[in-house]
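First comes the structure, then the notes that go with it.
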Amino acid sequence: MMPPKGRKNRRSLGPDVISNLPDNVIDVILMRLPCKDAVRTSILSKKWRYHWCRLTKLKLDESLWKTKKDKLSPTVKFTKIIYQILTLHEGPINKFKLDVVDSKRCPTIDNFIYFLSRNDIQHLVLHFPWQKIYKMPSSLFECSQLRHLTLHDCSIHPPSAFKGFSSLVSLELCRVTISFELLESLINHCPLLERLVLQVSEILNIIEINAPMLKSFDFTGSISSLCLKNVPLLTKASLHLYQGSSVEAENFYLAKFFESCFALEHVSLYFGDKFDYACADQAPTRLPFDHNRVKHFYVPYMIMRESYELSYYLCLIRSFPYLESFETEVLNLHDAGVVESLELERFSDVIFNHLKEVKLKIFSGMTHEMQLIKLFLAKSPVLVRVLIDPSYLCIKNLISLDRRSEIFAEFSNFFRASPKAEVVYMYLDNETSRFNQIVNFD
């Protein structure tokens, strides 16, 4: 009688393959596992028992201590885990991420930050509970090997002897409590900084940034004045300015911003509700100079009505003669009728000679939206595609199929300066529909 197939295979396995794996192979396996599963490999064999203690990358989140039958406080479990790492870990920790954003209480990690500062930490990410501001210990500023630092919902106070992070290339501070003087000093003392993300919850005063290696800058919040003094390599900037920011026409703050960023290619700009009560007649028609490097312009939310805000966006569009793509999400509560600032006559001196693609989301087909499409089609001789995406409105049943068909029929007759231009109108008959009519210029 032949032995069962499975039993025969088991007899032919030979030595314990798992236990005899080379150390470098075990390291690769452990690095690809979640921290909790990596620790569990201790039961595999004596060789595996403490191998996880040499991991150079650690990620701690609630999945490590949260179970369906919790009897111990999450803070107690977290403290035990931190103690195990402190007592058992060997060698450097190059990358560490802590995510306790959903915790009701903020665990104490001061000793662990000190431990990291002595173990060559290069990439540090800390997400604390929202509105539970954690005061970072001074040992954070002793992490001399740091290259990437991300802090959420905490407070920091660099000591007077702090000379900066000499190796830092990426800095992200979200809802971090720090004075604008110390923030400016921190940024300016990172000579290799290439990426900077600031998300502030309070109104900041004047900040002067001197970062000769900076390539990407993302700011969200309110600020009185932002001066990018020395950023010759900055190619990507995102500004989401909220109430309290200084962008009034009388001092033309944005002109100063763009004048100091002559290498910019990608721009994302949002004014929030800053201009709800401003007068459109006070808005400038274009910057005092053309910005010839900007190729991509993104406006997250554009309220298209006769307003200072809309005029400001159009001012920037006019001032980017080498623009290649424009994208926005239009927000409109009702059709306010003809918007004079979008009429073709007002753009008689403007040609978008390099514009190839336009994307419009949350498109409802109101007068001002149609005017914007007409403007781009008529003024863009090399335009390839206009993408209209009303998917949000369709999903919410806010625009009927009949209305979509009417919109499609209307803009399909618009004059186009580019014979290659096509309009892609999504969700027409529940599928993507296209027209590519060749315009006869004779």
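Before moving on, here are some points about what is shown:
- So residue 113, is it part of a helix (DSSP H, G or I) and open to solvent by less than 70 Å² (accessible area, probe 1.4 Å): yes
- Count of the stretch 268-285 residues, restricted to those that are open to solvent by 10 Å² or more (accessible area, probe 1.4 Å), at pLDDT 80 or above and either out of contact with any strand residue (DSSP E or B) (no Cβ under 7 Å at 6 or more places or on another chain) or of a type in the set (A, V, I, L, M) (or both), is 0.
- The residue of the stretch 386-397 that is modelled with the lowest pLDDT, among those that are within 16 Å of residue 360 (Cα to Cα) and either open to solvent by 60 Å² or more (accessible area, probe 1.4 Å) or among the hydroxyl-bearing types (Ser, Thr, Tyr) (or both), is 392.
- You will find that of 208, 181, the residue that is surrounded by fewer than 17 Cβ atoms within 10 Å (Cβ to Cβ), without any contact (Cβ under 8 Å) to a residue 24 or more places away in the chain and among the acidic types (Asp, Glu) is 181 and no other.
- Any hit, the stretch 353-370, residues being modelled with pLDDT of 90 or more and more than 27 Å from the chain's Cα centre (by Cα): yes
- Subset of the stretch 368-412 [part of a helix (DSSP H, G or I) and of a type in the set (S, T, N, Q)]: 371, 391, 405
- Among the candidates 138, 103, the residue that is in contact (Cβ under 8 Å) with a residue 24 or more places away in the chain and of a type in the set (Gly, Ala, Ser) is uniquely 103.
- Any hit, the stretch 166-176, residues being under 17 Å from residue 135 (Cα atoms) and either in a helix (DSSP H, G or I) or of a type in the set (Asp, Glu) (or both): yes
- Residue within the stretch 287-297 that is charged (D, E, K, R), modelled with pLDDT under 90 and either crowded, with 17+ Cβ neighbours inside 10 Å or closer than 27 Å to residue 235 by Cα (or both) present: yes
The values are calculated or read from the model by the stated rules, or taken from the named source; none is laboratory data. Computed from a prediction, not measured in an experiment: that's the story for all the values here. Every residue, glycine among them, receives a Cβ derived from its backbone with ideal geometry; neighbour counts consider all protein chains shown. Keep in mind that these areas ignore ligands, DNA and RNA; they rest on the heavy atoms of the full protein, side chains included. Shrake-Rupley method; radii C 1.70, N 1.55, O 1.52, S 1.80 Å.
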